[in-house]
Amino acid sequence: MKLPPFAYFAPSTLEETLALLREHGDESKLLAGGQSLVPLLALRLARPSVLVDLGHVAGLDHLAAGEGSVTIGAMVTERRAERSEVVGAQLPLLAEAMPLIGHQAIRNRGTVGGSIAHADPSAELPAVAVALEAEMVAESAQRGRRTIPAESFFQGFFTTALEPDEVLVELRLPAGESRTGVAFEEAARRHGDFAMVGAAVVLRVESDRIADARIALAGVADTPLRRPEAERALRGEEVTAEAFEDAATAAARDLSPPSDLHGTAAYRRHLARVLVRRALVRAAQRLGVSP
Amino acid sequence: MAQVMAQRFTGTPVKRAEDPRILTGRGRYVDDVTFPGMVHAAFVRSPLAHARVVSVDTSAAKAAPGVLAVYTGPEMEALIEPGPYGMAAMMNIWPPAHSLLATDKVRLVGDLVALVVAETRYLAEDAAELVEVEYDPLPAVMTAAQALDPESPLIFEDLGSNVLAGPKVTTYGDVDRVFARADRVVRATISQHRHQNVPMETRGAVVDYRKDSGEVEIWSANQGVALVATVLSARLGIPREKVRARAADVGGSFGLKIGAQREEVAIAAASRDLGRPVKWIEDRHEHLMAAGHAREETLEVEAAVTNDGDILGLKVGIVVDAGAYPGLGGMVTNIIEGMVPGPYKIDALSFSSTSVVTNKATYVAYRGPWAAETFVRERLVDLVARELGKDPLEIRRRNLARREDNRQMVTGRSLAGITAYESLEEVLGRIDLPAFRARQETARNEGRYLGFGVATYIEPAPGTRANGPLGAEQMRMELAEDGTVLVYTAQMPHGQSHETTLAQVVADNMGVPFEGVRILYGDSAVSPPGLTGGSRSATMAGGAALTTARLLRDKVLDVAAHLLEASRDDLRIENGSVLVAGVPARAMTLAEVVGALRQPGRLPEDVDTELKVENVYDGGTGGWSGGTHCAIVEVDLETGLVRIERYLVVEDCGEVINPAIVDGQIRGGVAQGIGAVLLERSAYDAEGNYLSSTFMDYLLPTSMEIPSIEVVHLEPVPLDPVVNFRGVGEGGMICTPAAVCNAIEDALAPFGVRVLEQHLPPARILELVGVIEPE
Ligand SMILES: Cc1cc2nc3c(=O)[nH]c(=O)nc-3n(C[C@H](O)[C@H](O)[C@H](O)COP(=O)(O)OP(=O)(O)OC[C@H]3O[C@@H](n4cnc5c(N)ncnc54)[C@H](O)[C@@H]3O)c2cc1C
């Protein structure tokens, strides 16, 4: 479990970083908090010949509220985001999901950008990004900046829309709206483990009816998964236990989740239903409307 | 001299002498040991479970940067003598003969194929990737059923089948008569799953062969340096006295690190071949995959019972999946057989056993290796109760042997001094069961499922003399110049806190302060031969410490009587000084006594002035440890997750040397038992790929999953006139899986669930209840 050989660069500006990526492309990997990449290197499952460390690059650790949205620099650590007042006030879904990521020691190092770019389908942040319809901002030397909506960002197991020469620079997350309740529910084997299944829910209730709902699942497919059918089923409904149960059933329908040591496909499908229902109930309770 | 000692330290929670060093990162583990010119080893391991090795090409690896040597199987065989290693060497288990590194075949994923030695472990791993091995795959034998199928390929051609031991059938008592008398027979097939020891420190060794003197020194993580030296001497073909085996701090083992292991013999051969010190530190990936696994057994049991709930007799058939190489798996059934009646009044037993080889990691000892007997018996008691519609507690009360019964197990083991019944009563005195049942009922109506379970066990710690010799624990003790008592123990502590517990016993019996005792261990050149294992050291080493300290004290008093010109009967040692009764001014420190002996003419010629004793302690009367565990759980039937609300242990380990250490041993064992049921599993797929080779897959319990564990100690029942310390190392792990599974079955009672397996991850719970379909 020793890392394979590689060349190591520690640039201090984004320009240098982009130039290195342009030069080395496919052969290179960016290193953020290292919490996912270093274990992969130690197991020799990843073998880049060039490692470009983002740890000294200026300008990637901003966290600020803007017009209706919050911008989080890719190198903001998970722990900093978790403790940020801006996140607490404007991104309650993110604030709720954050403490579920690993353990504090991991969140001290792991970064928001790293988690998004790593695109583990069981991870919390990608599911939150999808549920909130976040945007990812990427930059390359040749093509400059572009914005990628969460929906098309996650493309498969550990696969994103990022090109080998691109750096994920920041995330833009729409700030919480009024009359909107959120909840993140997950089931993990142990405290701090990756979720077997996670469910992120955003629920807007107006005049006692569900005006809008967004549901995203982690751990049930090769990417985080929006559940539009379940969302549609909720729209216009009253806040009732039946409506939530039906939506949860719809959210779990047709899933073909992976089967592994931690849970069978049938189990994960079942969990998806349970967790979506629990998340909907809690989101509604936050709005003071109990089903 | 029968004199009651003032017990200042024994029985009190003296702070661990080991802690300041270990907790501040100043412990010395194998990886902390370095030698000048040391080089590093990495093994090429098999990616296949079962295959013929067609060819091994090491040329590219040999040419890689920093590489000193690459050894294939045949090259390694040329450097060593054939024979067993590790625990098999202790039990002299050999054949089926096999090479150290694969010559003809690989028999598990992670099997050793080649050894690379390079300047750093990084370079060694880089080169290991360049070794080209051509395999001819064979079908893998992955289950005991496959192993028993005559159509399956042979793992060892020499063996003629895949059966390592058995089938062996033994009966005790009149089994037929007892079963004929029974009102009914309760049957179940109950299994324990494969899981593993996972000490914090993996295996590892540094070996320094000196070409100048022909001597070899090995530092390794082990449970006894003597066996390490014996194995190395035999396998390297060098005289035993030229091998010095050492160890300092050992980060846990739980039965795994016994003798010099396969990898250690290989690096020793490489060190001799190269004339360089060689280090191998097993990484976690290697460890989980190939260090050894434990506990994969299936037991078919039948209990002859009366409608009143008397368990008259048992029929037990066990099949052990012993993994790929010979080890404990071939003989653990003997201990299970002897222990299966436990503290119960069972009049007849038939026991049949078979151990088979499979293409999985070798079966190793793990904290209470025979624990299958407790798991199966304590599950069975609950199953009997369910079948009869009775309370499991009532079945236990009816069938547990009482101390005053003075019984022996039907297998012949004396049950002298057991307190299993008292421990059950004590548990019930501390749990308000009617209140729990009421709460359980209310909760069920709200869709919440609570469960209560108990399990009772005894463990031979060390066992009773009535069943034969308990061993011979050697100890040496001497007084150093400064008056410190030097204690040379045969124990090799790896978490047992001997530096503290033995010092407590010696301090009290010698009359010196706790700090005035030094416990020395882990050097085959000076340590008496021995091993730490099997919940034995409290009695054996504790007893050796007590008796040896008294011998040394007597010797000191003999010479002090001359020096102080006082009657020996008026002397006593207190706080490191010899005191004369009634004459406080005439005291001598122990350092002064030693100093006086160095002056010629101070003592008559015929007085023995060597303040050194060697002693062998035979275990005295011995005895059992045991107790009852109680778990209260809540099962979430939507997620299948189990939360342990309360965990209570009532136990008896005789006279407690250090309650904090005893409680720590119990809690650690309980945590491992909870882990076994809820989290830990060493899993393979059907092709023999190992699925649990990282800590993301092999889940250990953390402090978040383990509840606070209450421990209550019963009043000790003295059996021996002098030594009544009993071992406590294994009990926590032995009893917990049954207590937790019993509680889970109780929680799931409304669904008629029977728990016949030990591993209950959340998906399995929901399958048992019928919420989801099994895969
Ligand atoms: C024990 C443990 C438990 C964990 N539990 C959880 C959990 O429960 N939930 C969870 O979500 N995560 C968990 N993690 C993962 C953790 O959140 C990681 O930190 C995170 O997924 C990756 O972030 P990082 O900064 O460490 O990225 P790194 O490991 O440094 O990088 C990960 C990948 O992202 C790429 N990358 C990183 N930054 C960028 C960027 N700015 N632009 C483009 N590509 C980039 C890297 O090249 C690499 O491929 C756990 C980790 C550990 C070790």
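The values are calculated or read from the model by the stated rules, or taken from the named source; none is laboratory data. All values reported here derive from a predicted model rather than from experimental measurement. Using ideal geometry, Cβ is built from the backbone for each residue, glycine included, and neighbour counts are taken over all protein chains shown. Each accessible area value is taken on the protein alone, full model and side chains, heavy atoms only, with ligands, DNA and RNA left out. Shrake-Rupley method; radii C 1.70, N 1.55, O 1.52, S 1.80 Å.
Among the charged types (D, E, K, R) and not in a strand (DSSP E or B) - does that describe any residue in the stretch B:320-333? Break it down stepwise before answering.
Pass one, the stretch B:320-333, residues among the charged types (D, E, K, R): B:321.
From what is left, the residues that are not in a strand (DSSP E or B) are none.
No.
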Notebook entry, point to check: Do the conditions hold for A:Asp222, that is, is it outside any helix (DSSP H, G or I) and within 14 Å of chain B (Cβ to nearest Cβ)?
Noted result: no
Notebook entry, point to check: under 20 Å from B:Ala248 (Cβ atoms) and surrounded by 15 or more Cβ atoms within 10 Å (Cβ to Cβ), is that true of B:Val53?
Noted result: no
Notebook entry, point to check: What number of residues within the stretch B:267-281 are crowded, with 24+ Cβ neighbours inside 10 Å and within 25 Å of the chain's Cα centre (by Cα)?
Noted result: 1
Note to self: So B:Arg643 passes all but one of these: (1) among the basic types (Lys, Arg); (2) over 26 Å from B:Ala503 (Cα atoms); (3) away from chain A (no Cβ under 14 Å). Which condition number does it fail?
What the structure shows: (3)
Margin query: For the stretch A:147-158, give me each residue that is within 13 Å of the ligand (Cβ to nearest atom) and surrounded by fewer than 19 Cβ atoms within 10 Å (Cβ to Cβ).
Written below: A:Ile148, A:Phe157, A:Phe158
Check: Is it the case that the stretch A:230-248 has a residue that's modelled with pLDDT of 95 or more, under 27 Å from A:Ser84 (Cα atoms) and either out of contact with any Phe, Trp or Tyr (no Cβ under 8 Å at 6 or more places or on another chain) or part of a strand (DSSP E or B) (or both)?
Finding: no
Check: Is it the case that B:Glu422 is surrounded by 16 or more Cβ atoms within 10 Å (Cβ to Cβ) and in a helix (DSSP H, G or I)?
Finding: yes
Check: Out of B:Glu478, B:Glu459, which single residue is touching a residue at least 60 places away in the same chain (Cβ under 8 Å) and closer than 23 Å to B:Ala247 by Cα?
Finding: B:Glu478
Note to self: Looking only at residues that are within 13 Å of the ligand (Cβ to nearest atom) and within 13 Å of chain B (Cβ to nearest Cβ) in the stretch A:4-36, which one is farthest from A:Ile116 (Cα to Cα)?
What the structure shows: A:Phe6
Checklist line | Top-ranked residue of the stretch A:159-186 - restricted to ones that are crowded, with 16+ Cβ neighbours inside 10 Å and over 16 Å from the mean Cα position of the chain (by Cα), ranked as nearest to the ligand (Cβ to nearest atom) | finding: A:Val167
Check: Does B:Pro707 qualify as being on the phi < 0 side of the Ramachandran plot and open to solvent by less than 20 Å² (accessible area, probe 1.4 Å)?
Finding: no
Next item on the list: Looking only at the stretch A:129-138, decide whether some residue is within 14 Å of the ligand (Cβ to nearest atom) and charged (D, E, K, R).
Entry: no
Next item on the list: Among the candidates B:Val712, B:Val740, B:Val728, B:Val723, single out the residue that is surrounded by fewer than 21 Cβ atoms within 10 Å (Cβ to Cβ) and away from every other protein chain (no Cβ under 14 Å).
Entry: B:Val712
Check: Which of (1) surrounded by fewer than 24 Cβ atoms within 10 Å (Cβ to Cβ); (2) more than 14 Å from chain B (Cβ to nearest Cβ); (3) within 16 Å of the ligand (Cβ to nearest atom) does A:Ala211 not meet, given it meets every other one?
Finding: (3)
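One line per residue, one yes/no per condition, for (1) of a type in the set (A, V, I, L, M); (2) open to solvent by less than 40 Å² (accessible area, probe 1.4 Å); (3) in the same structural domain as A:Glu16 (by TED's automatic domain parsing); (4) near the ligand (Cβ under 7 Å from one of its atoms):
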| position | (1), (2), (3), (4) |
| --- | --- |
| A:Glu67 | no, no, no, no |
| A:Val70 | yes, yes, no, no |
| A:Val86 | yes, no, no, no |
| A:Gln90 | no, no, no, no |
| A:Pro99 | no, no, no, no |
| A:Ala105 | yes, no, no, no |
| A:Gly110 | no, yes, no, yes |
| A:Pro121 | no, yes, no, no |
| A:Ala127 | yes, yes, no, no |
Margin query: I need every pair where a residue in the stretch B:688-705 that is more than 9 Å from chain A (Cβ to nearest Cβ) and under 20 Å from B:Val357 (Cβ atoms) has its Cβ under 6 Å from the Cβ of a residue that is outside any loop (DSSP other than H, G, I, E, B) and of a type outside the set (Ser, Thr, Tyr), sequence separation at least 6 or different chains.
Written below: B:Tyr690/B:Met289
Check: Restricting attention to the stretch B:683-702, and to residues there that are of a type in the set (S, T, N, Q) and more than 15 Å from the ligand (Cβ to nearest atom), which single residue is least open to solvent (accessible area, probe 1.4 Å)?
Finding: B:Ser692
Notebook entry, point to check: Does any residue of the stretch B:130-141 turn out to be within 14 Å of another protein chain (Cβ to nearest Cβ) and not in a strand (DSSP E or B)?
Noted result: yes
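Got a sec? Which strands (runs of 3 or more DSSP E) wholly within the stretch B:540-638 have at least 2 residues that are among the β-branched types (Val, Ile, Thr) and modelled with pLDDT of 95 or more? Write out each step before concluding.
On the way: elements: B:571-574, B:577-580, B:612-617, B:622-635.
Passing ranges, in order: B:577-580, B:612-617, B:622-635.
Within 13 Å of chain A (Cβ to nearest Cβ) and polar (S, T, N, Q): does that describe B:Ser625?
Working: within 13 Å of chain A (Cβ to nearest Cβ): no; polar (S, T, N, Q): yes.
Here the answer is no, as B:Ser625 does not meet what is asked.
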Item checked: Filtered residues of the stretch B:755-775 (kept if more than 10 Å from every other protein chain (Cβ to nearest Cβ), open to solvent by 10 Å² or more (accessible area, probe 1.4 Å) and in contact with a Lys or Arg (Cβ under 8 Å, 6 or more places away or on another chain)) -> B:Leu756, B:Glu757, B:His759
Item checked: Answer residue from the stretch A:42-54, given it is of a type in the set (Gly, Ala, Ser) and surrounded by 15 or more Cβ atoms within 10 Å (Cβ to Cβ) and is nearest to the ligand (Cβ to nearest atom) among those -> A:Ala46
Next item on the list: Kindly list the number of the only condition in (1) more than 26 Å from A:Gly88 (Cα to Cα); (2) touching a residue at least 12 places away in the same chain (Cβ under 8 Å); (3) within 13 Å of the ligand (Cβ to nearest atom) that fails for A:Pro39.
Entry: (2)
